[in-house]
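First up is the structure itself, then whatever we jot down about it.
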Amino acid sequence: METVRVALDARTYPVHIGAGVIDAEALYRPHLRAGRIAVVTNPVVGALYLERVQAALARAGASPAIEILVEDGERAKSWPGLDRVFDALLAARMGRDGLLVALGGGVVGDLAGFAAAVYQRGIPFLQVPTTLLAQVDSSVGGKTAVNHPRGKNMIGAFHQPAAVIADVGTLATLPERELRAGLAEVIKHGFALDAALVAWLENNMERLLAREAAALTHVVRRSCELKASMVAADERESGARALLNFGHTFGHAIELGAGYGVWLHGEAVAAGMAMAAELSVRAGLLPAVDAERVRRLIRAAGLPAAGPALAPERYLELMAGDKKAAGGRARYVVLQKVGRAILRDDIDERVAREAIAASVEGAPAAAAR
């Protein structure tokens, strides 16, 4: 097992990474409290791992946990999904001395984390991520939310977990499409923050797709190290942490425009990174050869390097409510070079429109790459 710490003074917490850690009762025991425990999961993950988590909690000394099943997929991140969690907690008379456990991917983690943030004004929770995307990104950092028809993750709160227990063994049961979607967030960390990680991915993508435990552990640990450093420096995303959203402004527009769940989050982020790289070139910030490097690595992971064929004006409309916008101006996370992202609010809308038009399915420029 390897452990990365997210340094937030009194709220510092560990991210435990390894094969089999989901069964390690010693990792749960420090977080047990006097009140009840509830595990939020979905039917797919619950069938695979809920019994193991319950057994680990029991060995740690906990009473049987309340089991809360939510819908599988992005649609669970909604007010009805949130109400389902609240109804179960209230019916069980969960108090402020309770503990919530989020067992699943990014959707479950975001939903359960937001429920924990606001239930009785806040209770602690554990993240037990079972997808690559959640292990390398969404389980770390305390960003919790539900979706709104007008925007992705627009209703939420910052609420840090008490700990993250990331078992890379759970990735053996992950569908191929979900595995590839998780790789998008690893690629994002590399191009935004760590050129050495990009080079490693270029040389080891086949090992990741073959689900080699050592390779998976390496990218989970390195991604968590990178994210932990950004969260420690900028917990509430008022500055540098926004760089972790490379590809997300365009990606969230893709998810919203296509309808939640049609594109997986990682697929949308992959296409969004290709758009952001193209924008970086057209804004005079990035050599074209480096944008091609972005697209090549995305394709090597089996991910889309072009967005759906929506009009550029539609993309701009969908991005108008992006959380990074400030003073009515769009702000884009773009690349200066491989491993160095920056936030810019001075990119002309015409340039953004041209970059989008060149980066959608069926566009001559996208097809030529």
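We did not get these values from a lab; they are worked out from the coordinates using the rules stated. Remember, it's a predicted structure, so these values are computed and weren't measured experimentally. Counting neighbours? That spans all protein chains shown, and the Cβs are built from the backbone with ideal geometry, glycine included.
Assorted remarks:
- For segment 19-114, the set of trypsin sites (Lys or Arg not before Pro) satisfying both a DSSP loop assignment and a count of at most 11 other C-beta atoms within 10 Å is given as Arg93.
- Dipole check for the chain: with +1 at the C-beta of Lys and Arg, -1 at the C-beta of Asp and Glu, and the Cα centre as origin, the magnitude is about 500 Debye.
- Counting other Cβ atoms within 10 Å as a rough exposure proxy, the listed residues Trp200, Trp79, Trp263 run Trp79, Trp200, Trp263 from fewest neighbours to most.
- Look at the alpha carbon pairs under 8 Å that are at least 6 residues apart: their mean separation over the length of the chain gives a relative contact order of 15 percent.
- log10 of Debye I(q)/I(0), alpha-carbon scatterers only, for segment 2-173 at 0.15 Å⁻¹: -0.74
- Top positive-direction residue, dipole computed over segment 233-316 with Cβ charges, set Ala253, Leu243, Ala306: Ala306
- Residues His248, His159 arranged by fewest to most Cβ contacts within 10 Å: His159, His248
- Principal-axis tilt of helix 195-209 within the chain, Cα atoms, nearest 10 degrees: 70
- 10 Å Cβ shell holding at most 15 others, DSSP loop, GluC sites (Glu not before Pro): longest site-free stretch of the chain: 1-211
- Listing Tyr315, Tyr119, Tyr260 from fewest to most neighbouring C-beta atoms within 10 Å gives Tyr260, Tyr119, Tyr315.
- Take the Cα radius of gyration of the chain and divide it by 2.2 N^0.38 Å, N being the number of residues; the result is 0.96.
- Segment 202-357: Rg to Rh, with Rh as the Kirkwood radius over Cα pairs: 0.96
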